[in-house]
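Written out below as structure tokens is the structure these notes cover.
We did not get these values from a lab; they are worked out from the coordinates using the rules stated. Predicted model only: the values in this text are computed from it and were never measured. Note that each Cβ is placed from the backbone with ideal geometry, even for glycine, and that neighbours are counted across all protein chains shown.
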Number of protein chains: 2
Amino acid sequence: MKPNFSLRLRVFNLNCWGIPYLSKHLADRLKRLGDFLNMESFDLALLEEVGLCSTGTEPSLGGWQLGAVRPPVRSPKENPSKHILPPTPTPQQGLAFSGVIGSGLCVFSKHPIQELTQHVYTLNGYPYMIHHGDWFCGKAVGLLVLHLSGLVLNTYVTHVGETNGAWGLGLGAGAGAGSADLRWKDRAPLAVLPGSRIGQDLLHAEYSRQKDIYLAHRVAQAWELAQFIHHTSKKADVILLCGDLNMHPKDLGCRLLKEWTGLRDAFLETQDFEGSEEGYTMVPKNCYVSQQDLGPFPVGIRIDYVLYKAVSGFYISCKTLKTTTGHDPSGGTPLSDHEALMATLYVRHSPPQPNPSLTHGPAERSPLVSVLREAWTELGLGLVQACWWTTFTGYVISLGLLFLLLLCVLAAGEGAKEAAILLWTPSVGLVLVAGAIYLFHLQETKCFNKARAELQHMLRKAREAQNLGPESPPALHLGQQERDRAEEQ
Amino acid sequence: MKPNFSLRLRVFNLNCWGIPYLSKHLADRLKRLGDFLNMESFDLALLEEVGLCSTGTEPSLGGWQLGAVRPPVRSPKENPSKHILPPTPTPQQGLAFSGVIGSGLCVFSKHPIQELTQHVYTLNGYPYMIHHGDWFCGKAVGLLVLHLSGLVLNTYVTHVGETNGAWGLGLGAGAGAGSADLRWKDRAPLAVLPGSRIGQDLLHAEYSRQKDIYLAHRVAQAWELAQFIHHTSKKADVILLCGDLNMHPKDLGCRLLKEWTGLRDAFLETQDFEGSEEGYTMVPKNCYVSQQDLGPFPVGIRIDYVLYKAVSGFYISCKTLKTTTGHDPSGGTPLSDHEALMATLYVRHSPPQPNPSLTHGPAERSPLVSVLREAWTELGLGLVQACWWTTFTGYVISLGLLFLLLLCVLAAGEGAKEAAILLWTPSVGLVLVAGAIYLFHLQETKCFNKARAELQHMLRKAREAQNLGPESPPALHLGQQERDRAEEQ
């Protein structure tokens, strides 16, 4: 039995917009971020979009080497981002998880990190959409296991894929996105797209789902994230998830994540909130945010989160939640184009709670079943789209090969030899590009199928449980492990 | 506290060599496999390399739809593989996990599957090495959670990447692999490669590590597999891993997996073994196996495994282990080019065991530390190789672009216009191919770095623990969770 205790956790979260060469005033912002973290002494600082430069065999993040190693001693002038690490006497650890460019996840902990791992989302956009950058970043979720006074804390940090957003529209429609504003970053340009297909979600009523090619990808990522948390946190006493989800609170992916994992939103639960209106984490007051970025949400959007839960036997509450409001904490130039979240959480011992599904019966599970079904349908639409692309590119490849054959015949003759040779290059290019697109969409169909299979399985379990009545609850979500834990204690 | 009980588990494992159009006598073999499974009524049948044909929006495996759904009622003539599912009255469930072509993992369970998920390995070979097929398969590990009489059983099924083996040598050196023998499958042609760099491993002494381009990939996959099991099994009472690891028992990846997870090898632990010599799962007697496949191991190789462990409070033992011996179980044509494994396991309640690391002290951890260090070094060599490729392809891209510029200049003039136009196509192709190779090796470096960072972290924890002495053991491997469980019970 674990000791009776109370624990305070101070958590900092920020999407740093830290892409070398592309983000504005990066060195200055990182320096000020480091100074601020030094001053405040958070327990955990969870950062996203921290650009990594691969300069040899070991990529480094400022003065930090990748992989939770202690910071090498360097001269202060060597790198402006050295200040990210507060030089306090407590054991500080940093790590960064990476994709092709690097997923940009980075964590600093005041407490020793016991274990760490990472899961890269299987659907990460398309490599041929270079201007979106998602595939190259390798969006991921990182897990750190900390042991604090006998309590097991699983901390997750993630950055979920963006929508095609401003670039998609700007480049596609040739309007709106001036080249001066084309910055490589993962803000939520979702807002830029007009029209919507998500009927239930008023926030998105005016979006065009047809333009947001990554919607199904984000739902799939949300499900993968939820599953990763579900399966890796079964021994954890407290679960903490911070990051840039690139989803509004009522978006399908966000609801799916919360329903499946049982995580609660610090903004909705906090006893004391101070910061931007409605907890927005991208606000027009921020000088790095243009109205174009916010689109139909001129007052701001909330896409960065602190989510948490404790298993039965423990109780977690958010005492205070602060956000920056378009400036840095001291009122100067902002630290990023996103606003920082600063939460003070308290974990306490509590008597085991009664099993909610036993007391409330099957009706209690309806929101979960409903969101699972909705996600299943959404992924089905993504699947249809992916299948359309595989069929289309399959035809293009066939026609391209036929055309190449024709060109060979023409080149062998004398009539149109030069024209045939000239057309050879674009034809080969067409076939190659179509082949690559075909392959990636084929992989996409498999990923959608896999996620749908898992969702379908869970829906079936839910239906079985409903047929059996409230006396035989299924292992339907994390509530199950809370019940198990309650039994043990 | 869970009830005192004893549980028998009958497990079947087979790499089915079930690639449509490419594997010999597939329909017949699958039919006989189904008949056999019907007759024997195993608790779990874990199959690898079950080819999936995507024929629309829902891929199907014989009469089975993807995703643990019940089998649709079909006429017996519709598909020869329908027999894979034994039509017993108990709830039978099947599922398949997929990659681009499909990872080919497939599980049939007599007991209801509570939860399921999948993790695709981040390093899966290279897409441009089409003839190896690894990247297209998307090698993965699948997890099924079963609840049996109150016991939580985590079953993992996996297929780890092959070596470049026979094809690599055959196609590379232009010798040995006749086109008639070029079959698309994941056997372990490792054995074909002469010469080795793994000094410690006598089995591999004669291999050429330089030729086995996937060695580091398999070590990385083994680490990912071990980490996946480690992090997702913390609440499990019994852990079972079956599959084609494509590694010999003393290979680095195999040792890493066993040391990190604490899994034990059924072949080494069984009370009663019946089958092929040394438990080989590819034997020359099998008519689908050529001597070329076995290379320097003419008597056979053991690359398929049943591994298991129970946490403290439970005891698992292997009563019998059988393998087929180059024929099907009734002495006919074999079911696959691999041999099937059939294990009868018993799980019993047992008093919590004393903490091994507390009784044995830091020296006990040496094999683990040693294998972690070895893996870290191996991945470092893979990393160097990957960096070399990024540098090389970087140069090729630069030179290719310069050459294209030169061709443009020549084409603008009159002197060598036709030659310039003719050279345009191969040059563009070269740049595109080099670009793709560059990107994939860049991603590879990130994956190696990530795995090495995790290994480095664990090594540091181990060193810290050794400095602190045996009184403060680190959370170094699954032993930790056994200790926690022991404390709770």
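Quick notes on this one:
- Rounded to whole numbers, the Karplus 3J(HN,Hα) couplings from phi for the stretch B:291-307 are 4, 4, 5, 8, x, x, 10, x, 7, x, 9, 10, 10, 9, 9, 10, 10 Hz, using 6.51 cos²θ - 1.76 cosθ + 1.60 with θ = phi - 60°, and x at Gly and Pro.
- Taking Lys and Arg as +1 and Asp and Glu as -1, the other residues whose beta-carbon sits under 9 Å from that of B:Leu44 total +1.
- Nonlocal amide H pairs with A:Tyr214, under 5 Å, H built at 1.01 Å: A:Asn164
- Using a 7 Å Cα-to-Cβ projection, B:Arg463 label spacings across copies, nm, ascending: 5.6
- Counting only other chain Cβ atoms within 10 Å of each residue's Cβ, the peptide A:414-421 averages 1.
- Exposure proxy order (Cβ contacts within 10 Å, fewest to most) of A:Cys16, B:Cys287: B:Cys287, A:Cys16
- Residue-by-residue Karplus 3J(HN,Hα) for the stretch B:276-284, coefficients 6.51, -1.76, 1.60, Hz, glycine and proline x: 6, 3, 6, x, 4, 10, 9, 10, x
- Long-range HN-HN contacts of B:Gly313 with modeled amide H, under 5 Å: B:Ser350, B:Gln353
- Label point 7 Å beyond Cα along the C-beta direction, distances from B:Glu40 to other copies (nm, shortest first): 6.0
- Counted charge near A:Cys318, where neighbours are those whose Cβ lies closer than 13 Å (Asp, Glu -1; Lys, Arg +1): +3
- Among A:Met342, B:Met458, the order by Cβ neighbours within 10 angstrom, fewest to most, reads A:Met342, B:Met458.
- Shortest-first distances to equivalent copies, position A:Ser149, nm, label 7 Å out along Cβ: 4.2
- For A:Asn246, nonlocal amide neighbours, meaning residues 5 or more places apart or on other chains whose placed amide H falls under 5 Å from its own, are A:Val160.
- Cross-link check: pairs A:Lys319/B:Lys450; B:Lys24/B:Lys322; A:Lys234/B:Lys139; A:Lys31/B:Lys461; B:Lys139/B:Lys250; A:Lys139/A:Lys309 evaluated at a Cα-Cα cut-off of 27 Å; pairs beyond the cut-off: A:Lys319/B:Lys450; A:Lys31/B:Lys461.
- Integer Hz, Karplus 6.51/-1.76/1.60 couplings in order for the stretch A:40-45, x for Gly and Pro: 8, 6, 6, 6, 9, 10
- Sorted by Cβ neighbour density within 10 Å, fewest at the top, the residues B:Tyr21, B:Tyr315, A:Tyr305: B:Tyr21, B:Tyr315, A:Tyr305
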